[in-house]
Amino acid sequence: MRATMNESSPAARLTAQQVIGRIQAHVGVPWQEPTCDTFKNGDPATPVTGVAVTMMATMDVLRQAVAAGANLVITHEPTFYHHLDDCAELAEERDAVLAEKQAFIARHRLVIWRFHDYWHRRQPDGIAEGMIAALGWQPFQDADGAPRFTLPAVTLDVLAATVARRLGARCMRVIGDPKLGLTRAALMPGAPGSLDQMRTLARDDVDVLLTGETREWETVEYARDAVEQKRRKALIIIGHVASEEAGMAACAAWLQTFLPAALPITYISTPEPFWGLTP
């Protein structure tokens, strides 16, 4: 149920800073520094006409936010091509792509805020919760709440096709025997780090690891060697955006539970940027 607002006049609008304050109050984790969850562009004192929630604040996403009348964009990942949105070097080089994006944001008086660390730190992890729901894996999750699952018996090729369909992932990559029978899966969305990925895939209770992205010369080669050693292992690389997007769609729904009903909240999907060829 959406919170209500006594008035809907512009004077009664929450500022971007006030909206973020409410998020911080409801996320259930004490706010501490340092964090990448900060304003990236725009004036936090700006009255908010609408909120756009997204996985990536791409140019098309920003255009859609403007079209929807939203001037506060909450993005999970960086806007300016760096984990901390540090674009100083590109700016010094007068990079044309960066300049056009910054000019668009300034022209439309957008405020950009990143919601990454604390959406992951929430209990349960907001991204994982949304992804598990999108996959339909809630009944199969381990009782301790870890992102590991006992699935109905399935071959790797069927599992990969099912995951791709449910997540809308069009360029997924898979390592392993397509006909390998599987029951035990682990989910690591985004880019959790190669060492953690390898440790997870090495577990006796994990047949297949599903992750967002990884360095090809680290986890990918580890998985290749495991397969070539005839171990019962497989790796599914979903793609970073597709592996977390459902978690940000869940975030938009969560915001509606405590932000005023008069404040429009829109989820804007970030399409996968890749396309592939079939050999």
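From least to most packed, judged by other beta carbons within 10 angstrom and beginning with the fewest, 94, 184 follow the order 94, 184.
Extension gain, residue 225 to residue 157: 0.36 nm times the residue separation minus the Cα-Cα distance gives 22.5 nm.
Counting every other Cβ atom within 10 Å of each residue's Cβ, 76, 120, 83 order from fewest to most as 83, 120, 76. Rounded, prolate or oblate for the stretch 97-248? Axes are the square roots of the Cα gyration tensor eigenvalues, ordered a ≥ b ≥ c, and the cut-off for rounded is a/c under 1.5. Prolate, since a/c reaches 1.5 and a/b exceeds b/c. Any chance you could give the angle, 0 to 90 degrees and rounded to 10, that helix 96-107 forms with the longest Cα principal axis of the chain? The helix 96-107 is inclined about 40 degrees to the chain.
Quick one: divide the alpha-carbon radius of gyration of the chain by 2.2 N^0.38 Å and tell me what you get. Write down the numbers at each step before the final one.
On the way: Rg = 20.3 Å, N = 279, 2.2 N^0.38 = 18.7 Å.
It is 1.09.
What is the stretch 98-186 by shape, rounded, prolate or oblate, if you read a ≥ b ≥ c off the alpha carbon gyration tensor as root eigenvalues and call it rounded for a/c under 1.5, prolate for a/b larger than b/c, and oblate otherwise? Taking the square roots of the gyration eigenvalues as a ≥ b ≥ c, the stretch 98-186 is oblate. Result for the chain in a Gaussian network model with C-alpha springs under 10 Å: among 79, 35, 54, the largest mean-square fluctuation is at 35.
Every number here is computed from the coordinates shown, using simple stated rules; none is lab data. Quick caveat: nothing in here was measured; it's all calculated off a predicted structure. As a convention, Cβ positions derive from the backbone with ideal geometry for all residues, glycine included, and neighbour counts pool all protein chains shown.
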